[in-house]
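See structure below.
The values are calculated or read from the model by the stated rules, or taken from the named source; none is laboratory data. No experiment lies behind these values; they were computed from the predicted model shown. Here Cβ is always computed from backbone atoms with ideal geometry, including for glycine, and neighbour counts include all displayed protein chains. Protein only, heavy atoms only, side chains kept; ligands, DNA and RNA dropped before computing areas. Shrake-Rupley method; radii C 1.70, N 1.55, O 1.52, S 1.80 Å.
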Amino acid sequence: MIIIFLFLYNLLFLAILPFLFLSLIFKGFKNIEYLKRWNERLGFVKRLPPKRRVWIHALSLGEVNAATPLIRRLQSSYPDYDILVTTTTPTGSAQVQKNFGGSIEHFYLPYDFAPLVDIFLINTKPTIGIIIETEIWPNLINLSYKHEIKLFLVNGRLSEKSLKRYLIVKPIFLNLLNRFTILFVRDNSDAFRFKQLGVNEEKIEVAGNIKFDMKIDERIYEKSAKLKDTLSGKFVWVCGSTHAGEEEIILKIFSKLKDEFKNLFLIIAPRDPLRSREISKLADKYKLKSIYRTKWEPNSNQQFDLLIVDTLGELLLFYSLGHLSFIGGSLVPKGGHNPLEPISLGVPTIAGKFVYNFSELYEVLQKEEIVQLVNNSDELYSVVKSIISNPDKRGLMSENGINYMKKNKGAIDTIIKKLKG
């Protein structure tokens, strides 16, 4: 069945390949980086020297940030191996280059069409392959297996929704997943669902979430200290990874709260910085003076009510300035985003009810009094007001979060030991 599936899958991919290029061109109108390095999307990367090599695939910015501590450990634990990192998006690519410079090789992952993947693997010759989170690309997995690459899944997760979808074509996905050497999953719930799918139990290892092993770069603290001086005396509410439909709710609440809390200051970091102008117009609607991050001169006497982060890769810095954070993609049905960055910095955190991408994590965080979930804009207003007014509650949420992060570290240690074994 897998042979027939791969044949039909490649026929379909061949048919849609021109549309993928059109999509790149369309994205290029918003972000010119999508129009660069097309050869890598086709597998035509430079031929790397025949050396033992660990290859890590991290889809985009979030996965790169999660994988960064693991990559650093691989560099120290495997000094005789070259490190290759692939991404799919320009934001992920930029973060890899920012974090590692020339100390690793970096390319875009080619489209999952068999001849392109084959060219890529022939040119790069990985010894070990690590896929961050559940990126199930049939040709990538099948051809890695044929090239005798030991393939590992790290931070593997399988939601109930995905499980139901995979069960429809169980023999195909079971065949692909069993080609991994080990599936390192985040928790027992994920392990249970992979077993329900029929994955060989010996291949499943509950390692924990590598995002708990994040280390805050000292440069973040240095920059943060300088910016905190600029914002001295203000209560900073940071709203990160926000989506369309959320900013207006946030601005309306902020405008209302600012009448009561004169020192309240807002930072909005949209998931897509290209939406910054749209957010600025919404701020005008509520008679709030905004400034873009790229126009902000911290040591000047600029007067404004909110900062709009129109850059990428600085979210952790701005969370570090916060007394309170809100995680976007959760007031609208986008599934929410990872809350561990502000929590690791000891910032009390709020999210909406649409957190199904991280449902088990948010359930625990709510139970441990680290994150507070709200169902609608009225509840968000009440909870934000309550937390601003209650320093003891903020202190408890902060302390609980830091302790929880410490308690759950260690996934990378488990992974490194198993890779070496």
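So, R0 is 22 Å and r is the distance between the beta-carbons of Lys228 and Glu297; what FRET efficiency does that work out to, to 0.05?
FRET efficiency, Lys228 to Glu297: 0.85.
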- Classify region 219-301 as rounded, prolate or oblate, taking a ≥ b ≥ c as the square roots of the eigenvalues of its Cα gyration tensor: rounded when a/c is under 1.5, otherwise prolate if a/b is larger than b/c and oblate if not. oblate
- Message: Quick check: at a probe of 1.4 Å, how many percent of the accessible area of region 290-378 sits on carbon and sulfur atoms?
- Response: 43
- Set the Förster distance to 25 Å, then compute FRET efficiency between Ser77 and Thr181 from the Cβ-Cβ distance, nearest 0.05. 0.90
- Considering only protein heavy atoms, what per residue accessible area in square angstrom results for the chain with a 1.4 angstrom probe? 47
- Query: What percent do you get for the relative contact order of region 264-335 when only Cα pairs under 8 Å and 6+ apart count?
  - Reply: 35
- Query: Where does the charge balance sit around Asn400 when Lys and Arg score +1, Asp and Glu -1, over other residues with C-beta under 14 Å from its C-beta?
  - Reply: +1
- Query: How long is the gain from Asn10 to Asp378 if the chain were fully straight, where each residue apart is worth 0.36 nm and the alpha carbon distance is subtracted?
  - Reply: 127.5 nm
- Task: Beyond 21 Å between alpha-carbons counts as too far, so tell me which of Lys150/Lys406; Lys161/Lys334; Lys228/Lys281; Lys164/Lys367; Lys287/Lys393 fall in that bin.
- Result: Lys150/Lys406; Lys228/Lys281; Lys164/Lys367; Lys287/Lys393
- Task: Could you work out the Kirkwood radius for region 125-172, taking every pair of different alpha carbons, averaging 1/r and inverting it, reported in Å?
- Result: 11.9
- Item | region 22-149: Lys pairs at Cα distance under 29 angstrom, eight or more positions apart or on different chains | 17
- Message: Which GluC sites (Glu not before Pro) in region 103-159 sit in a loop by DSSP (not H, G, I, E or B) and have at most 10 other Cβ atoms within 10 Å of their own Cβ?
- Response: Glu148
- Which FRET efficiency value, to the nearest 0.05, do you get for Thr311 and Ser23 by plugging their Cβ-Cβ distance into 1/(1 + (r/R0)^6) with R0 = 22 Å? 0.35
- Item | Fraction of accessible area attributable to carbon and sulfur, region 67-176 (%, probe 1.4 Å) | 56
- Report the extension gain between Phe44 and Asn31 in nm, rounded to one decimal, defined as 0.36 nm multiplied by the number of residues separating them, less their alpha carbon distance. 2.5 nm
- Item | Inter-site label distance for Asn263 and Asp118 at 7 Å from Cα along Cβ, in nm | 6.7
- Message: So the label point goes 7 Å from the Cα of Glu399 along Cα→C-beta, right? Which residues of region 370-385 then have their backbone N under 15 Å from it?
- Response: 370
- Item | Distance (nanometres) between label positions extended 7 Å along Cα→Cβ at Tyr356 and Gln97 | 3.7
- Accessible surface ranking that places the most exposed of Met397, Met1 first, with a 1.4 angstrom probe: Met1, Met397
